[in-house]
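The values are calculated or read from the model by the stated rules, or taken from the named source; none is laboratory data. For clarity, every value in this text was computed on a predicted model and none was experimentally measured. Here the Cβ is made from the backbone with ideal geometry for all residues, glycine too, and neighbour counts use every protein chain on show.
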Amino acid sequence: MGGWTMENQPVRRGSGLCWTARVIKAGAVLVCVCTVFRLDALAADQRPNIVLIVCDDLGFSDLGCYGGEIRTPNLDRLAAQGLRFTQFYNNAVCVTTRASLYTGLYVRHGRGGLLRHNMVTLGEVLREAGYRTTLTGKWHLGSSSPRRPIDRGFEEYYGLMDGCCNYFNPAQRDPSFKNYRFRHFARNHRRITQFPDDYYTTDAFSKHAVEQIHRLAGKNEPFFVNICYTAPHFPLHAKPEDIAHYKGRYAMGYQELRRQRHSRQIELGLINPQWKLSPLDKKIGPWRHDWHIDPWEEVKNPARQQALMEVYAAMVDCMDQGIGRVLKALKDTGVEQNTLVVFFSDNGGCATMSKETDPKSYYYANQMPGAKDSYTFCEPGWGWAQNTPFRRYKVWTYEGGIATPMIARWPGVVLPGTITHQAGHVIDLMPTCLELAGGRYPETFRGKNIIPCEGKSLVPIFKGQQRQPHESLYWYLMGNRAVRQGKWKLVWGHTAAKWELYDLQADRTETNDLAAKHPDRVRKMSSLWNEWAERTEIKTKR
């Protein structure tokens, strides 16, 4: 791997884990942002079905095909049959990623909410293009008219319209979570407030998505099936039979888990072996430890800490089982060969401190995770490990917060067992789906002028070509900021309160700040970020 570059494309040979690198030659590119072209080989009745699967708070390294130890055979098989991205980006938190996913736009932070009348949704444009549209699971962009899925282009909907809920009983409130409120569940226009005793959201979402595939397959119109799991977002709830597979699996602690995942990622050709594993933050534990000491050695309640990751892994495992049923439905209905399946996570792995790691936290530390009456979450040590090899986790605009595993399978188009190091962003999914649908992004919709799309189609990458990259990519969330241009990334963490500059070609784990060596680049890139902030209505101290 000595010649590893971010333009290389490792290709799997046979059924083993032997990976070699080859450079994909530049082919046809799409130059105009969000200009839509038809694929030459696709007639109207040959347009692919699209199954878009989004999970919640999954770390970059959690899946087996991204170096993880969690059992994910179905997603691993999807990767073996398709393409993995190593540089696909989200918006660092659930709601902002969804706003960009459904609009093809960077988030507008001013008045009017994240989903406005001057924006058009993925459901709306695909429906206009002749697709049947259905959404299962988490929406998070509004629970009342006119911002519900059923109002914004999805003809059929079942799921959670808010951010998170109890997995066994979404109507159950939990007093241990300070800001917990009632969560809105619905089937189309009808609110759901009662759930059977054996209910579990992940299984219910998989079941509903399978039903929709069976309902829509074989019709004259292509379909768009969007599945948005809440797993593995907190609260950490899992079925005992799934947890049992991971008992004792995480006794090695955070650091050893990171080292093991890092080693597998290098073997798989996912990351440059020259990149250093990012150092843990001192807030991983409530101690001032020597950096030569593994923080796991000073954990006060190791049994509980292990249980957090055991349940988290069980949640990912259960989701993978459900995805297996979804993929089987595509095969059973005869539409597998003409269906694009895309999978990604809405942000990096999550980490929230309890009183065990931060006495000022209002979250309880004495609860064991997993059961219906608990409300727990992974804490910073595990959150950092979930995003191996990157720095930090959800909410931050370091790579650990914004990098997602991304898999695309499209039989006959996407070359099986491939990896791309080309950068993509969640805003790119709108123009990608539109190109496949033969549709057009509108200038007006329902009498309103629409903000021009800001994404670029991923279809050239799916076809093994070199895509004209974004000139710049931008982020903002809760004081955290970033802008990327080519190999350069400028990032502002709200605790450091200063710009840091990283060469992602040499150091994607963001361990060597080059801001002092390149003040002109810092000045130019920060100016670009400020101009973008003005366009997207961000109000923040400079």
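Give the residues of the range 476-499 that are outside any strand (DSSP E or B) and polar (S, T, N, Q), sorted by residue number.
Answer for the range 476-499, where residues must be outside any strand (DSSP E or B) and polar (S, T, N, Q): just Thr495.
Could you list, in sequence order, all residues of the range 66-106 that are more than 25 Å from His140 (Cβ to Cβ) and either modelled with pLDDT under 95 or in a loop (DSSP other than H, G, I, E, B) (or both)?
Within the range 66-106, Gly67, Gly68, Glu69, Arg71, Gln81, Gly82 qualify.
Suppose we keep only residues that are at pLDDT 95 or above, out of contact with any helix residue (DSSP H, G or I) (no Cβ under 7 Å at 6 or more places or on another chain) and not β-branched (Val, Ile, Thr) within the range 339-354. Which one would you say is farthest from Pro232 (Cα to Cα)?
Phe344
Among the residues of the range 111-133, write down those that are without any contact (Cβ under 8 Å) to a residue 24 or more places away in the chain and within 12 Å of Ile450 (Cβ to Cβ).
Arg116 - this is the single residue of the range 111-133 that is without any contact (Cβ under 8 Å) to a residue 24 or more places away in the chain and within 12 Å of Ile450 (Cβ to Cβ).
Can you tell me which of Leu83, Leu75 is surrounded by 24 or more Cβ atoms within 10 Å (Cβ to Cβ), touching a residue at least 24 places away in the same chain (Cβ under 8 Å), under 23 Å from the mean Cα position of the chain (by Cα) and farther than 19 Å from Asp346 by Cβ?
Leu83
Looking at the range 156-173, I want the residues that are assigned by TED's automatic domain parsing to the domain that holds Glu124 and have a partner that is assigned to a strand (DSSP E or B) and of a type in the set (Ser, Thr, Tyr) with Cβ atoms under 7 Å, at least 6 apart or on another chain. Which pairs are those?
Pairs found: Glu156/Thr134; Tyr158/Thr136; Gly159/Thr136.
Results for (1) assigned by TED's automatic domain parsing to the domain that holds Thr97; (2) surrounded by fewer than 24 Cβ atoms within 10 Å (Cβ to Cβ), shown as yes or no for each residue.
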position: Val395; (1), (2): yes, yes
position: Trp410; (1), (2): yes, yes
position: Asp428; (1), (2): yes, no
position: Gly438; (1), (2): yes, yes
position: Val483; (1), (2): no, no
position: Lys487; (1), (2): no, yes
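For Thr432, indicate whether it is surrounded by 20 or more Cβ atoms within 10 Å (Cβ to Cβ), at pLDDT 95 or above and β-branched (Val, Ile, Thr).
Here the answer is yes, as Thr432 does meet what is asked.
Give the range 494-542 a look and list any residue that's small (Gly, Ala, Ser), touching a strand residue (DSSP E or B) at 6+ places or on another chain (Cβ under 6 Å) and either loosely packed, with under 12 Cβ neighbours inside 10 Å or farther than 16 Å from Leu473 by Cα (or both), or say none.
Residue satisfying the conditions is Ala515 alone.
For Gly130, state whether it is at pLDDT 95 or above and either among the small types (Gly, Ala, Ser) or over 21 Å from Leu434 (Cβ atoms) (or both).
yes
Is there any pair linking a residue in the range 287-310 that is in the same structural domain as Glu379 (by TED's automatic domain parsing) and polar (S, T, N, Q) to one that is crowded, with 18+ Cβ neighbours inside 10 Å and modelled with pLDDT of 80 or more, with Cβ under 7 Å and at least six apart or on different chains, and which?
Partner pairs satisfying both residue conditions: Gln305/Val299; Gln306/Tyr250.
Tally the residues that are surrounded by 22 or more Cβ atoms within 10 Å (Cβ to Cβ) and either at pLDDT below 95 or within 18 Å of Tyr393 (Cα to Cα) (or both), restricting the search to the range 241-257.
2
Could you tell me whether any residue of the range 198-208 is surrounded by fewer than 13 Cβ atoms within 10 Å (Cβ to Cβ), at pLDDT below 95 and charged (D, E, K, R)?
Checking the range 198-208: not a single residue is surrounded by fewer than 13 Cβ atoms within 10 Å (Cβ to Cβ), at pLDDT below 95 and charged (D, E, K, R).
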